[in-house]
Structures are given as C-alpha cells and as structure tokens.
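Written below as structure tokens is the structure these notes are about.
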Amino acid sequence: MKRLLPHIYIENCKEALDYYQQIFGGEIKNTQLSDHVEGFEGQEGKYIHAELHINEHCTIFFADVFRPLTSGTNIWLMIDLESAEEIESAYSLLSKDGQIQMELQNTFWNSTYAVVKDKYGITWELNFSNLPPSKE
C-alpha cells in the first residue's frame, strides 16, 4: 500500500474546498468538473474530483454528492495500492463479506479502481495507478 487518503463527498464541493483551505491552508489541485464527462450529464458545474494538498504528507480528496447519502456515509477511505495483485486481493477479500458498490475496472483516469463497502459498513475506494513510474 502506498498511502491511505480520506475522500469526502459533500454538497457544494467548491465552497467546502475554499472553507477547508482557509482552515488548514494548502493548495487546491487536480480539480475535475463533471462537464462533458460521460455518465454525468445534467450535473454540470459539479466536481467529480478535487484535492486539497495541505502539505507533502497530507492530502484530502473531495467530490460533489451525485446521489443521496445517509448521514455518516460521506467520508470514504481511498487506498492507493502498489500492484495489480494487491488491488485484486483487497477487492476479493473486502467483497467476500461486503457489498460491491463499483466493480473492479479500468478507468478513464488510467487506474484500476473499485468501491466496496465492507462488512462493518466502511466504504473503501481501491485504486491502482496504471501510469508508468515518474522519472523524477
């Protein structure tokens, strides 16, 4: 596992990002609007992804709410995994006694990704980037 990231789903994501940036500082990066993205028709102007980079060790992911949420279900944990084998294993084990929210699949952001709610009701986003390692 590379890192664990909180992912907050919230109404008025842009407003919330500005609010949390005023509190915690940092920089808003990697914002992606739903405009012209297949599957998000009618949701123009909403964020499907945004990041608040507070420092080199702390990043919070945000997105607008696109479906009704029950109180307490708006914070998900995203695990950035290191290999295809690692994501397949986590997906298999979490889904065994959990509920698959989104099947393991390749995505338009060049990652393998899935969403699973585990047997304790915790929602896990599993992500493995298929991008080649950076040459920095």
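Just so it is clear, none of the values below were taken in a lab; they were calculated from the coordinates. These figures come from a predicted structure and were not determined experimentally. Here Cβ is always computed from backbone atoms with ideal geometry, including for glycine, and neighbour counts include all displayed protein chains.
What to note about this one:
- Karplus (6.51, -1.76, 1.60) ³J(HN,Hα), θ = phi - 60°, over the range 38-48, in Hz, Gly and Pro reported as x: 4, x, 10, 4, x, 10, 3, x, 8, 7, 9
- Across the options Pro68, Thr123, Leu5, the greatest Cα extent toward the positive end of the charge dipole of the chain (unit charges at beta carbon of Lys, Arg, Asp, Glu) belongs to Thr123.
- Rounded FRET efficiency, nearest 0.05, which uses the C-beta distance separating Thr70 from Leu131 and R0 of 35 Å: 0.55
- Over the chain, relative contact order from alpha-carbon pairs under 8 Å, at least 6 apart, %: 23 percent
- Lysine pair count for the chain (Cα-Cα distance under 25 Å; residues 8 or more apart in sequence or on different chains): 12.
- Each principal axis of the Cα atoms in the range 1-76 has its own extent, and those three values, largest first, are 35, 27, 24 angstrom.
- Here the range 81-136 is assigned +1 on the Cβ of each Lys and Arg and -1 on the Cβ of each Asp and Glu. Its dipole about the Cα centre then comes out at about 140 debye.
- Label-to-label distance, nm, for residues given as His53 and Arg3 (7 Å Cα→Cβ offset): 0.9 nm
- Restricting the GluC sites (Glu not before Pro) of the range 46-115 to loop positions (DSSP other than H, G, I, E, B) with no more than 13 neighbouring Cβ atoms within 10 Å leaves Glu56, Glu82.
- Calculated FRET efficiency for the pair Gln22/Met102, C-beta based, R₀ 25 Å, to 0.05: 0.20
- Count Lys and Arg as plus one, Asp and Glu as minus one, and take only other residues whose Cβ is under 15 Å from that of Trp109; the net charge is then -3.
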